[in-house]
Amino acid sequence: MNFMDTEILKIKDGKTDIKSLNLDEMKELMKQLGEPAFRAGQLYEWIHVKMASDYDEMTNIPKSLKQKLLENCYLVALKSVEVQESKLDETKKFLFALHDGNVIESVFMKYRFGVSVCISSQVGCRMGCRFCASTLDGVVRSLTPSEMLDQIYSISRITGQKVSRVVVMGSGEPLDNYDNLLKFIHLLSDGNGHNMSQRNLTVSTCGIVPGIYRLADEKLQINLALSLHASSDEKRKELMPIANTYSISEVLDACRAYFDKTGRQLTFEYSLVSGVNDTDEDAERLGDLLSGLNAVVNLIPVNPIKERDYRPTDRTGAERFKNKLEKRRINVTIRREMGRDIDGACGQLRRRHLEGNI
């Protein structure tokens with residue numbers, strides 16, 4: 001296989017996307033460049049362990065090879081355009097520029113267990129969820145494995161903090177970018193590289209059923225989060241266009257299959273929208289749906305966006321909803337509201353940038 005001619009590995013100016021190569025592919029690249037195989041391991045360590053953002057940082061790589069890399073390969077290194085820092089906690093929201101002028105968001109969150117980073121998988125999103133700012137302008141393109149990785153690497157470089165958990169829950173639908181997502185997972189968890197445990201990685205989907213089944217067959221150890229957000233197909237269709245394609249029962253069957261094949265915990269994300277999906281009836285119906293599932297329900301008071309008139313359920317209502325589910329022996333959490341004083345909802349910071357308000 002000639003990686004220099006593989007479209008999925010091409011990026012800026014037709015050059016090979018070196019950060020998206022696994023170690024075997026890196027060895028093949030070295031062969032094509034007339035270099036000894038051991039250089040592949042050195043480069044791989046610089047890129048994925050030391051998280052180098054420039055070839056000049058690689059002190060044990062000869063100038064002759066660096067010149068070949070400059071001519072033939074592009075090393076993705078995201079440019080930080082803006083960083084918003086919460087005054088309420090240590091949450092930071094990053095706006096990163098890509099090589100083609102597009103921008104994406106990532107979020108740094110500090111917990112007792114360590115640092116968690118939420119990354120984007122696409123520029124924009126085409127899923128059309130009514131309460132999400134990411135999808136207002138549709139999808140521009142999917143991110144490469146390297147662009148997903150470098151959100152983590154860049155945040156580590158900027159903050160000086162080790163990232164212990166990663167959530168693919170930012171802008172975009174990960175299963176709409178399946179091949180690149182899978183490559184990203186393997187690169188991030190590769191023992192020769194960054195070596196993050198797959199158990200510390202969560203992928204969130206709005207419910208692309210074939211993608212869930214396909215992911216289950218990969219036999220990974222990642223956690224799956226489903227954006228459910230309603231307890232009936234009728235209400236889910238109001239909030240999420242994907243519900244017109246896949247019913248709740250189809251989505252839940254796919255989630256059960258994922259758990260049966262992987263044994264990994266399922267999380268159901270449920271954005272509480274005042275007067276829309278937060279009634280006692282909604283809670284009872286949700287309890288019926290999830291009864292017997294080894295899962296956690298994560299209740300999220302919806303982040304308001306100016307383009308929609310949705311408002312979050314207040315704390316009292318959220319606690320009432322939680323108690324109804326707990327009486328059904330369902331594990332429930334109410335998401336800690338981190339960085340609420342900055343552009344907290346997915347896509348808000350990017351949208352402000354596009355509107356010229358930054």
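The values are calculated or read from the model by the stated rules, or taken from the named source; none is laboratory data. Predicted model only: the values in this text are computed from it and were never measured. Cβ placement follows ideal geometry from the backbone for every residue including glycine, while neighbour counts extend to all protein chains displayed.
For segment 149-182, which positions are of a type in the set (D, E, K, R) and more than 15 Å from residue 76 (Cα to Cα)? Within segment 149-182, 162, 165, 173, 176, 179 meet the criteria. Note on segment 127-167: residues that are touching a Ser or Thr at 6+ places or on another chain (Cβ under 7 Å), part of a loop (DSSP other than H, G, I, E, B) and either at pLDDT 95 or above or not aromatic (Phe, Trp, Tyr) (or both) total 6.
Only one of the listed residues (102, 22) is farther than 22 Å from residue 190 by Cα and modelled with pLDDT of 95 or more. That residue is 102.
Just checking: which of the strands (runs of 3 or more DSSP E) contained wholly in segment 187-289 hold 2 or more residues that are free of Cβ contacts under 8 Å to residues at least 60 places away in the same chain, out of contact with any Phe, Trp or Tyr (no Cβ under 7 Å at 6 or more places or on another chain) and crowded, with 17+ Cβ neighbours inside 10 Å?
Answer list for segment 187-289: 201-205, 266-272.
None of 220, 215, 239 is among the aliphatic types (A, V, I, L, M), in the same structural domain as residue 165 (by TED's automatic domain parsing), out of contact with any strand residue (DSSP E or B) (no Cβ under 6 Å at 6 or more places or on another chain) and modelled with pLDDT under 95 except 239. Selection over segment 48-71 of residues that are under 29 Å from the mean Cα position of the chain (by Cα) and among the polar types (S, T, N, Q) gives a count of 1.
Every residue, every condition in (1) out of contact with any Asp or Glu (no Cβ under 7 Å at 6 or more places or on another chain); (2) at pLDDT below 80; (3) under 30 Å from residue 103 (Cβ atoms), yes or no:
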{"site": "276", "(1), (2), (3)": "yes, no, no"}
{"site": "280", "(1), (2), (3)": "yes, no, no"}
{"site": "315", "(1), (2), (3)": "yes, no, no"}
{"site": "325", "(1), (2), (3)": "yes, no, no"}
{"site": "335", "(1), (2), (3)": "yes, no, yes"}
{"site": "343", "(1), (2), (3)": "yes, yes, yes"}
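When segment 39-96 is filtered for residues that are touching a residue at least 40 places away in the same chain (Cβ under 8 Å), assigned to a loop (DSSP other than H, G, I, E, B) and of a type in the set (A, V, I, L, M), the ones remaining, listed by number, are 49, 51, 75, 76, 77, 78, 88. Is it the case that some residue within segment 119-142 is farther than 30 Å from residue 237 by Cα, hydroxyl-bearing (Ser, Thr, Tyr), touching a residue at least 12 places away in the same chain (Cβ under 8 Å) and surrounded by fewer than 24 Cβ atoms within 10 Å (Cβ to Cβ)? So far as segment 119-142 goes, no, none of its residues is farther than 30 Å from residue 237 by Cα, hydroxyl-bearing (Ser, Thr, Tyr), touching a residue at least 12 places away in the same chain (Cβ under 8 Å) and surrounded by fewer than 24 Cβ atoms within 10 Å (Cβ to Cβ).
Taken over segment 24-78, residues that are of a type in the set (A, V, I, L, M) and in contact with a strand residue (DSSP E or B) (Cβ under 8 Å, 6 or more places away or on another chain) amount to 3.
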